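Taking it in order: structure first as structure tokens, then the write-up.
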């Protein structure tokens, strides 16, 4: 393998690694959003479950408390959470794989 071919391979792997890192960062940001929603919901479940409202629920603004947060069922869907976690695991594995590839090429 020529030096030029080695540089091309290293460049491709670096690019793939950076893409995988960006994807992982995006997925972790989505996970953080899930965590924020679950935190808010868990506090309300513990302290005032009667104040929890979901998008589309009927409520009376005159008699009811001020609603700080209206939850969407889609935001707390377990299936979506499972898919997100699986995607994070796959992206993290890809980053590790690219790091391993770079390490092995640098040692050769």
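Coordinate-derived values only; no laboratory data. These figures come from a predicted structure and were not determined experimentally. A quick note on method: Cβ atoms are made from the backbone with ideal geometry, for glycine too, and the neighbour counts reach across all protein chains shown.
What does a probe at residue 51 reach in the stretch 71-108, counting residues whose amide N is under 18 Å from the point 7 Å along Cα→Cβ?
71-72, by backbone N distance to the label point.
With a point put 7 Å past each Cα toward its Cβ, work out how far residue 19 is from residue 82 in nm, to one decimal.
Result: 2.9 nm between the two label points.
What number results when the radius of gyration of the chain, computed over Cα atoms, is divided by 2.2 N^0.38 Å?
In units of the globular-protein estimate, the chain measures up at 1.72.
What's the center-to-center distance, using Cα atoms, between the stretch 43-59 and the stretch 4-36 in Å?
If we compute the Cα centre of each part, the gap is 38 Å.
What does a probe at residue 6 reach in the stretch 71-108, counting residues whose amide N is under 17 Å from the point 7 Å along Cα→Cβ?
Of the residues in the stretch 71-108, 101-108 have backbone N under 17 Å from the label point off residue 6.
In degrees from 0 to 90, rounded to the nearest 10, what is the angle of the helix 3-47 Cα long axis to the longest principal axis of the chain?
10
Output the 0 to 90 degree angle, nearest 10, between the alpha-carbon long axis of helix 78-107 and the longest principal axis computed from the alpha carbons of the chain.
20
Using helices alone, I'd like the mean residue ellipticity at 222 nm for the chain: each DSSP H run of four-plus residues gives -39500 (n - 2.57), total over residue count, nearest 500.
-25500 deg cm²/dmol
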